[in-house]
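Structure record follows, encoded as structure tokens.
Computed from the coordinates by the stated procedures, all read-outs in this text should not be read as laboratory data. All values reported here derive from a predicted model rather than from experimental measurement. Cβ coordinates were reconstructed from backbone atoms using ideal geometry, including for glycine residues, and neighbour counts include every protein chain displayed.
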Amino acid sequence: MSPLSDTRKRKASSGDSAGAALEVLAFTIGAEEYGVDIHHVQELRSYVAVTRIANAPDFIKGVVNLRGLIVPIIDLRLKMGMSAPTYDQFTVVIIVNVAQGVMGMVVDSVSDVALLLPEQIKPAPQLQVKSGSDSGYVTGLGMIDERLLILLDIERLMSLAQAGAAADTAALLAA
């Protein structure tokens, strides 16, 4: 699949320069649709076999060699405590740039790139989560007609301790 363009955010056309539209990559995990800021997305790739890392948590699938760069691959379905994934022809790895470096996120499928105006973004509800869980990576809900996108802070999601450990492991393998 091809890399995404660098023209990522646009100002809302209302003439009010205070509000900026947010462009998100929409993808599915199970029956839910999620979105991440397109600024973090480097490229989309088909799911391929990964090199497993011994003693890594289940959601860290392993690492892949991406044009000479060792990239940790995180399965978001498992990371978010959902049922075991089935990898098929629709499974996609979203390669993202975050503070920790380049990482891959396995998702069930990618839908499209959506432009959300400020009035289409609602705050995330405050929910009780399981002990030891962190739902702080949900930043809001994007509403497009009948669609509801769960907006994720990919920096926060990928910066959790286990993901950091995966990046450290990848760095060791690359050395």
Length released on extending from S111 to V48, taking residue separation times 0.36 nm less the Cα-Cα span: 20.7 nm
Ranked list, fewest to most other Cβ atoms within 10 Å of each Cβ, for T51, T139: T51, T139
Gain in span if fully extended, T86 to M143, counting 0.36 nm per residue against the direct Cα distance: 17.7 nm
Table column - 3J(HN,Hα) (Hz), the stretch 104-109, Karplus curve with 6.51, -1.76, 1.60, x for Gly and Pro: x, 10, 7, 10, 5, 6
